[in-house]
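The values are calculated or read from the model by the stated rules, or taken from the named source; none is laboratory data. From a predicted model like this one, the values you see are computed outputs, not experimental measurements. Glycine gets a Cβ as well: all are built from the backbone with ideal geometry, and neighbour counts include every protein chain shown. In case anyone asks, the SASA skips ligands and DNA or RNA and just uses the protein heavy atoms, side chains included. Shrake-Rupley method; radii C 1.70, N 1.55, O 1.52, S 1.80 Å.
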Amino acid sequence: MGGEQSWRRPARRRRPARVGLLAAGAGLGFCLIGVAGLGAWNVQVVTGSSGPVRETADGFLREVSAGDADRAYGRLCADARSRWSAAGFAAWLRTPPQVTGYEITDVAVATRGGRPRGTVAVRLTRDGGGSEQRELPVVREADGWRVCGDPY
């Protein structure tokens, strides 16, 4: 039966390497877009935080130099308040040489562990005319920015 055989399309060669490379490229592209978005968000958080960090440190140091221990204590973070009682903090502020003035020289904000943190460089003026350079750590808590660590 020598009938004619029907025409068949030749089989296509499969190209699994090309498909794998395309999938890997698309995945890498999505990762890069995610990293760029995260970086932009981080820059926005850091640059938008230097003003509030400065204001927090300025308010704290203004109250310290004025001798208003209660209001200055209210600006401390929860960790610092757990280490200092209000009375102990007030006594510490009254210990000579007392802070009589200050000048904020630099404000830096960075993220550590996904949380923004600030460091304020300040020159403290003490009674008697002496001055010293200090760094004031400032952290973000639920209700705003707070001075943390050893305030001065």
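When the range 85-123 is limited to residues that are out of contact with any Leu (no Cβ under 7 Å at 6 or more places or on another chain) and of a type in the set (F, W, Y), the one that is modelled with the highest pLDDT turns out to be F89.
Can you name every residue in the range 99-111 that is touching a helix residue (DSSP H, G or I) at 6+ places or on another chain (Cβ under 9 Å) and open to solvent by less than 70 Å² (accessible area, probe 1.4 Å)? Listed by number, the residues that qualify are V99, G101, Y102, I104, V107, A108, V109, A110, T111. Candidates A87, A78: the one that is free of Cβ contacts under 8 Å to residues at least 12 places away in the same chain and either closer than 15 Å to R140 by Cβ or not β-branched (V, I, T) (or both) is A87. Taking every residue in the range 123-152 that is under 10 Å from V53 (Cα atoms) and pairing it with any residue that is exposed (fewer than 14 other Cβ atoms within 10 Å of the Cβ) and of a type in the set (A, V, I, L, M), at least 6 positions away or on another chain, yields no pair with a Cβ-Cβ distance below 6 Å.
Among the residues of the range 69-95, those identified as out of contact with any helix residue (DSSP H, G or I) (no Cβ under 8 Å at 6 or more places or on another chain) and open to solvent by less than 40 Å² (accessible area, probe 1.4 Å) are G74, C77, A80, G88. Can we say T125 is β-branched (V, I, T), under 30 Å from L38 (Cα atoms) and open to solvent by 40 Å² or more (accessible area, probe 1.4 Å)? Taking the combined requirement at face value, the residue does not satisfy it. When each of S50, S6 is tested for being closer than 23 Å to E132 by Cα and at pLDDT below 85, the lone residue that passes is S50.
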